[in-house]
1. What are the residue pairs meeting all of these: first residue in segment 607-628, first residue over 20 Å from Ile568 (Cβ atoms), second residue open to solvent by less than 40 Å² (accessible area, probe 1.4 Å), Cβ atoms under 6 Å, and 6 or more apart or on different chains?
2. Restricting attention to segment 317-330, report how many residues are open to solvent by 30 Å² or more (accessible area, probe 1.4 Å) and either in a helix (DSSP H, G or I) or charged (D, E, K, R) (or both).
3. Among the residues of segment 182-232, count how many are within 16 Å of the ligand (Cβ to nearest atom), assigned to a loop (DSSP other than H, G, I, E, B) and polar (S, T, N, Q).
4. Does Arg241 qualify as being under 18 Å from the mean Cα position of the chain (by Cα), away from the ligand (no atom under 14 Å from the Cβ) and within 28 Å of Glu570 (Cβ to Cβ)?
5. If a residue has to be at pLDDT 95 or above and touching a Ser or Thr at 6+ places or on another chain (Cβ under 9 Å) to count, how many in segment 175-199 make the cut?
6. If only one of Ile28, Ile12 is crowded, with 21+ Cβ neighbours inside 10 Å, among the hydrophobic types (A, V, I, L, M, F, W, C) and near the ligand (Cβ under 9 Å from one of its atoms), which one is it?
7. Do the conditions hold for Glu70, that is, is it acidic (Asp, Glu), over 29 Å from Gly307 (Cα atoms) and more than 9 Å from the ligand (Cβ to nearest atom)?
8. Checking Gly22 against (1) open to solvent by less than 30 Å² (accessible area, probe 1.4 Å); (2) more than 10 Å from the ligand (Cβ to nearest atom); (3) more than 18 Å from Asp537 (Cβ to Cβ); (4) modelled with pLDDT of 95 or more: exactly one of these is not met. Which one?
Amino acid sequence: MSNGKYYLTTPIYYVNAAPHIGHAYTTIAAEAIARFKRMQGFDVVLTTGTDEHGTKVERAARAQGKRPGEFADIISNEFRTEWQKLSLQIDRFQRTTAPNHAKLVNALFNACNENGHIYKGTYTGLYAVVSESFVNDAKPGDIDPETGKPYEEVTEENYFFKLSEFTEPLLKFYEANPDFIQPEIRRNEVLAFVKQGLSDLSITRTSIKWGIPVEADPSHVFYVWFDALTAYISAVEGEGRWPADLHLIGKEILRFHAVYWPAFLMAAGWALPKKIFAHGWLLFENDKMSKSRGNIVRPSPIEQVMGVDALRYFLLREIVFGQDGSFSYDALVGRYNSDLANGLGNLASRTLNMVQQYRGGATPARCDDVDFRVEADETAAAVWEAYDRFDFSRALERVWSLIGRLDKLIVEYAPWKLAKSDDPESKERLDRILYSALAGLHIICRLIEPVLPHSASLIWQQLGNAGPISPGLPRWGTFDLPKHIGEISAVFPRVDLKPAIQKMQDLEELEKNRQAALLGKKPEPAAASAEGLISIDDFAKVDLRVGEVKSAEVVKGADKLLHLKVDIGEGEPRSIVAGIALAYKPEQLIGRKVVIVANLQPRKLRGLTSQGMIVAAATDGGLPVLAGFHEEIPAGSRLK
Ligand code: MSP
C-alpha cells in the first residue's frame, strides 16, 4: 500500500560542536514525522547530515590544534553515532565533504550562472583578522574581541547571486503556495522581510580556505549556505527523490530556507521543496540551548537512564511544536512518571494482568463498549489529523485522554467484582471491558508509534501480536485481536526523581570528558593499551558499509591493482583502488556486495583517487579474499 514517496530532511548540523538535545529535538521530530508518514503508507526517506565547511569549523578545529577535515570527521561521526545511540531510523546521512556533494554545488552554481543570475562583484565588509572572516553584524568602529582593535574594512572579489531579482517571483510563489512556510507566524515574518525588497547576495569567498572550490574559478570557495542547502539534493542524488516534501528546521535558519534556497533553485530552474516547517527553540535555564551559551544537555545520558522513548515523549508532548519550550530534568522525570509509568504503562499492565487472571490470557470474542468504541475512533481520527499538522502535543494529549477514559471505564465496570460472579450478565460484562480495553490498547499502540516506537512495539507484543505494529489509521472492528496475549512485563518502570537526575548528570559529565578527550588529543593507537584492546568508541569511528561493485577495471601498469566504482548508498559511487587484481578478474566483481571502509582519508594511487578501502582477508603470502554477505543486504547499510 504505497501512497507515493515522501522525502523529508533535518538541517545538516555544523560540526563546530558536539550534538546536544537541541539537535536531537529536530532529528527526533523529523523521525516521528517519517514514522507517521510510513503509517500513512508513504515510501519515506529521511535525511540528516553534517555541514562541515566555513570559518566556524575552521576556527573550532584550529582551537583544538586540528586540521579542519580531521576535526570535521570526528564531530560528524559524533552526530552519526548519536543518532544510532538514540535508535533513530535515518535513511541517508549526508556530509558536505562527500565527493558527490561538491559536484552538485558546482552544478547549481553553473545552472544559476548560465541562466544569468550570477555576476562578479566586490564585497566590502568588516573583517576579523584572527578568524579570517567577515563579521556580518558589526558596525564600523566596533572592536574585534580577538585583537582588541577595530575590525578592518576589507574588500574582496566575490560572485554575487542576483537575489534582488527574486523579490517578486518569491512573493508570487508564497501567494500561490500558502502552505509553503509553516507555521503561519513564520510565514508572515518571511513575507514582511521579502516585501522590503531583497539585496544581492555574495555566494563565494576568496578569504576562506576550508570550503568547496568554485570549479569555474578555483581561487573562490562557496559561501557556506550555498554549499549547505544543496546537501538536501546531494543526499538523495540519483534516487528520484528531489524535490523534498518537507524541510524541518529551527526558526533561526528560516530565512536561508524560505528565501535564499527557493531563489537559488528558481534561478537554476530546479524544483523547489514543497514545505518548510520552522519549529521553536528548546530552552535550558531560560536560554536557547547552544554550545556558545554553554548550556547544553547531551542526549545519550538521558537515553541511558530513562530510555529514548522518555526523551521523545517529553520533547514532543511538553513543547507545542512551533513554539519555544523548556527542558528540565525535573519535568522530564515528572512527565515520565505521571504519563508513561502511571498512565500508559499502568493501563497496559493492569489490562493484561486482568486478561491473564480472569481469562487465562485468552482474548475474549469481540464485544464492544459502544461509547468507548466511538470515542476511540474519534480519537484516532483527531490524532491523525493533528500529526498531519505536526501538532504532536495535541495528538498525544488526545491519546492520553483516551487512556484516562479507559482507566475510568475499568473502574466503572469493576472487573474484579464481575470476575467473582457466575451469572451470564457479569460474564458478558467482564468480556466487554476486557475486549474493549485490549482493542483500545491496540488502537493506542498504533497512535503512539510515531512518538514512542519502542514502547509501542513492546506493548504490541504483550498484547499477543507477532509482527510489527500495523500501519494505517486504526479503526475499531477493522482488525482482529490475537487469540492470546503475550508475556507481560513492565514497559515503563517508575523512576526515582533524585537518583535518576544525579545519574544523568554524572553521565553527562563523563560524556563531556569523553568528547573533550576525543577532540583534544589524538586517540591512543589501539596497540598502546596494555591488553591491545580498543573501546567501542574506537570501533565506532570506522564507518564500515555494504558496497555494491558497479564497475571494475585493471589499473594500467599496476598488475595488482583494480579500479572499482562502488555504490555505498550515497548516490554517486565511490572510486576505490584495491590491490586485489591477482585474486579477482574485473568481470567477476560486478554486482558483488563487499565491505567498504567509507571514512578513510582519500589517497592517490597511480593518479587515481581512492575514496575508501575494500575489506579482504589474506593468509601470509596468500591472495586476498573479499569479505561479503550470505544474505541480501542493500548497498549503503552500515556494519555495526
Ligand atoms: N548548518 C546549519 C544548517 C544548514 S541546513 C542546510 C546550522 N547548523 S546548526 O548545527 O547550528 O543546527 C541548527 C539546527 O539545530 C536548528 O535549526 C535546529 O533544527 C537545531 N537546534 C540546535 N539547537 C537547538 C535548540 N536549542 N532548540 C531547537 N533546535 C535546535 O544551522
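1. Sorted first by the residue in segment 607-628, then by its partner, the pairs are Ala618/Pro624; Leu623/Ala583.
2. Of the residues in segment 317-330, 4 are open to solvent by 30 Å² or more (accessible area, probe 1.4 Å) and either in a helix (DSSP H, G or I) or charged (D, E, K, R) (or both).
3. 1
4. yes
5. The total comes to 5.
6. The unique qualifying residue is Ile12.
7. The answer is yes for Glu70.
8. Against the list (1) open to solvent by less than 30 Å² (accessible area, probe 1.4 Å); (2) more than 10 Å from the ligand (Cβ to nearest atom); (3) more than 18 Å from Asp537 (Cβ to Cβ); (4) modelled with pLDDT of 95 or more, Gly22 comes up short only on (2).
The values are calculated or read from the model by the stated rules, or taken from the named source; none is laboratory data. Values in this document were obtained by computation on a predicted structure and should not be read as measured data. Positions of Cβ are backbone-derived with ideal geometry, glycine not excepted, and every protein chain shown enters the neighbour counts. Note: areas computed on protein heavy atoms with side chains; ligands, DNA, RNA excluded. Shrake-Rupley method; radii C 1.70, N 1.55, O 1.52, S 1.80 Å.
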